[in-house]
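To start, the structure under review is shown below, and the notes come after it.
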Amino acid sequence: MTGLTEDKLQEFANGVADLCDQLGVEDHEEKLTAIGNTFIGAALSLGKPNFSVNVDGLATASVESVLEAVEEE
């Protein structure tokens, strides 16, 4: 990941937390649902129907779409 520093990732995470506050999303499961839906939607809209993010020694999150990829002509 060129260009994505720890500082930029932290700034992004802080922005997500701020947005949850602005929208009044307080329940942890609702926050995770919103983040998960956004992750899935972003992966699909960027043409990555099967995508994983790994944080070494911590966790992995994956998108495995049941939809077939549609290639643009």
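Each value in this text was obtained by applying a stated rule to the coordinates, not by laboratory testing. Predicted model, so just to flag it, every value in this text is computed and none were measured. Don't worry about glycine lacking a Cβ; one is built from the backbone with ideal geometry, like all the others, and counts go over all protein chains shown.
Find the all-direction average of the projected area of the Cα convex hull for the chain, expressing the result in square nanometres with one decimal place.
Mean projected area of the Cα convex hull: 6.7 nm².
Please determine, in degrees from 0 to 90 and to the nearest 10, the orientation of helix 6-23 with respect to the longest principal axis defined by the Cα atoms of the chain, where the helix direction is its Cα long axis.
70 degrees
Using +1 at the C-beta of Lys and Arg and -1 at the C-beta of Asp and Glu, which of 43, 3, 57 has the Cα lying farthest in the positive direction of the dipole of the chain?
Sorting the options by dipole projection puts first 57.
Mind checking the angle between helix 28-45 and the chain's longest principal axis? C-alpha axes, 0 to 90 degrees, to the nearest 10.
Its long axis makes an angle of about 30 degrees.
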